[in-house]
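Report on one structure; see the data block that follows.
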Amino acid sequence: MDDMILQDLARQAGIALEQEELLLATAESCTGGWLGQVITSIAGSSAWYERGFITYAAGSKQEMLGVSDATLEQYGAVSEQTASEMAAGAIARSHAQVAVSITGIAGPEGGTPEKPVGTVCFAWIMKEGMALTETRYFSGNREEIRRQSVGGALQGIIDLLHSIPPKVA
């Protein structure tokens with residue numbers, strides 16, 4: 001997934017957010033701020049991107065986003081449960097109405113038989129209660145896995161916003 005595709009996805013997400021008059025917050029782990037970088041490379045993104053959290057270590061997920069000890073102990077940092085708590089924490093600690101989180105194993109080390117390198121968990125949450133989680137398995141080197149993760153997060157925002165029922169005038 002090249003930079004042009006990522007920027008196009010970010011533009012589409014921005015258009016969808018602006019149409020709904022919503023702000024976005026991001027919570028990133030394995031992508032280390034790459035999602036925020038792609039978003040802020042779009043001129044005018046300050047109209048719809050409120051803030052980003054980079055929470056690489058488990059402790060930062062707890063301190064900055066409120067991920068619980070119990071969740072990390074039971075499910076691990078790379079889990080849909082952790083991704084969900086990260087996104088919920090981003091909503092709670094921002095002025096955004098939509099949040100996306102990414103946590104995964106980009107490699108080349110760190111994988112296990114249960115969670116191989118390329119395992120990435122996402123959550124997309126709206127303040128109004130709509131929430132989705134997903135685990136995807138990407139292949140490639142560290143950069144390719146991270147790039148695919150950014151693309152997956154952006155596509156998920158677009159999909160989430162397109163699932164909102166139209167406003168009645």
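The values are calculated or read from the model by the stated rules, or taken from the named source; none is laboratory data. Keep in mind the model is a prediction, meaning the values are calculated, not measured. Cβ placement follows ideal geometry from the backbone for every residue including glycine, while neighbour counts extend to all protein chains displayed. For the accessible areas, the whole protein counts, side chains as well, though only heavy atoms, and no ligand, DNA or RNA atoms are used. Shrake-Rupley method; radii C 1.70, N 1.55, O 1.52, S 1.80 Å.
Got a sec to turn the phi values of the range 20-26 into Karplus ³J(HN,Hα) couplings, 6.51 cos²θ - 1.76 cosθ + 1.60 with θ = phi - 60°, whole Hz, x for Gly and Pro? Result, ordered by residue: 8, 6, 10, 9, 10, 10, 10 Hz.
If I take R0 = 35 Å and measure r between the Cβ atoms of SER46 and GLU114 in this structure, what FRET efficiency does the formula 1/(1 + (r/R0)^6) give, to the nearest 0.05?
Numbers: r = 40 Å, r/R0 = 1.15.
It comes to 0.30.
Write down the accessible area per residue of the range 10-147 in Å², having rolled a 1.4 Å probe over the full set of protein chains.
Numbers: 6350 Å² over 138 residues.
Result: 46 Å² of accessible area for each residue.
Distance between the pseudo-spin-label points of SER163 and GLU134 (7 Å out from Cα toward the beta carbon): 0.9 nm. Once C-alpha pairs closer than 8 Å and six or more residues apart are averaged by separation and normalised to the residue number of the chain, the relative contact order reads 24 percent.
In a DSSP loop and with at most 15 other Cβ atoms within 10 Å, the chymotrypsin sites (Phe, Trp or Tyr not before Pro) in the range 1-88 are TYR56.
Summing Lys and Arg as +1 and Asp and Glu as -1 over all other residues whose Cβ lies under 12 Å from the Cβ of GLN155 gives a net charge of -2. Each residue of the range 155-164 was assigned a 3J(HN,Hα) from its phi angle through the Karplus expression (A = 6.51, B = -1.76, C = 1.60, θ = phi - 60°), giving 4, x, 4, 4, 4, 4, 5, 6, 8, 6 Hz with x at Gly and Pro.
The portion of the accessible surface of the chain made up by carbon and sulfur, rounded to a whole percent, is 52 (1.4 Å probe; DNA, RNA and ligands excluded). When the helices of the chain are scored as -39500 (n - 2.57) per DSSP H run of n ≥ 4 and the total is divided over every residue, the value at 222 nm lands at -13500 deg cm²/dmol. With both residues required to sit in the chain, DSSP beta bridges show an antiparallel share near 60%.
Under a Gaussian network description of the chain, with springs only between Cα atoms under 10 Å, the residue in ALA90, ALA16, ALA43 that fluctuates furthest is ALA43. Charges were assigned to the Cβ only: +1 to each Lys and Arg, -1 to each Asp and Glu. The resulting dipole of the range 1-158 about its Cα centre is roughly 120 debye.
Starting from the exponent 0.38 and prefactor 2.2 Å, build the expected Rg for the chain from its residue count and divide its actual Cα Rg by it. Spell out each step's value before the answer.
Details: Rg = 15.0 Å, N = 169, 2.2 N^0.38 = 15.5 Å.
Relative to the rule-of-thumb radius for its length, the chain sits at 0.97.
Considering the range 97-150 at the alpha-carbon level, its Rg and Dmax are found to be 12.5, 38 Å. List the residues, sorted by chain then number, that are 5 or more residues from PHE53 or on another chain and whose placed amide H is less than 5 Å from its amide H. HN-HN under 5 Å from PHE53: THR26, ALA27, GLU28. For the range 5-57, the fraction of C-alpha pairs more than 17 angstrom apart is 32%.
Inter-label distance, SER68 to GLU21: 3.5 nm, where each label sits 7 Å from its Cα along the C-beta direction.
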